[in-house]
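No value in this document is a laboratory result; all are computed from the given coordinates. What you see is a predicted model, and the numbers here were worked out from it, not measured in a lab. Here the Cβ positions follow ideal geometry from the backbone for every residue, glycine too, while neighbour counts run over all protein chains shown.
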Amino acid sequence: MKPDRDRDPAGRPRNARPRDGLGRPLGRADSPGASGLERIPDDLVISGADAAALADQLLRDGRPFHAHEVLEAAWKSGPAEERDLWQGLAQIAVGLTHARRGNARGAVALLRRGAERVRAYQDRDRSRDGGSSRGGGAGSWRSAGQPASPFGMDISSFLAASDDLAARVERDGLDGIPVADLSPGLLAGPDLARG
């Protein structure tokens, strides 16, 4: 075990170093000039609705790495049947992080991989329901007759933005991609549309 690595009381590695807006580690918290942004706690337990809202805000604020941490917390603390949804969304957030950091190849790979995982989740969910929407039990995010918008997320628009961005980056590279295209919203609703 490396003595200089941050670890929790159980000995699991933790990184308490502050990070910049794109998740890059800065100097240790006790070193000069290492203020960074507030970290998402490693042990965050968050509901699906809260994760969707916080990730949406972080994505819109241009902080996809931090959105990834929130989405990762949702997959680790949420029900097993939602794991692929949250993992796929987290992968898309990592793809956006790669794009903002200038890594075109990593961006394309993670944007596509994440979208595939979310689509696989949607397909499995539809097949479990016999092709119809799931009923509205207490933990359910769908109501009968309504489109699939888990926790208020506009999954189809988010996946379309991910697919479009991956295709454009693969075709043209990252030069010329507007910053706004690297900050897609996750929640549905006209009041949250970009202006």
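Take the Cβ atoms of Ser127 and Ala167, set R0 to 41 Å, and the FRET efficiency comes out at 0.90.
Taking amide H as placed 1.01 Å from N in the peptide plane, Leu187 has its amide H under 5 Å from the amide H of Asp154, each at least 5 places away in sequence or on another chain.
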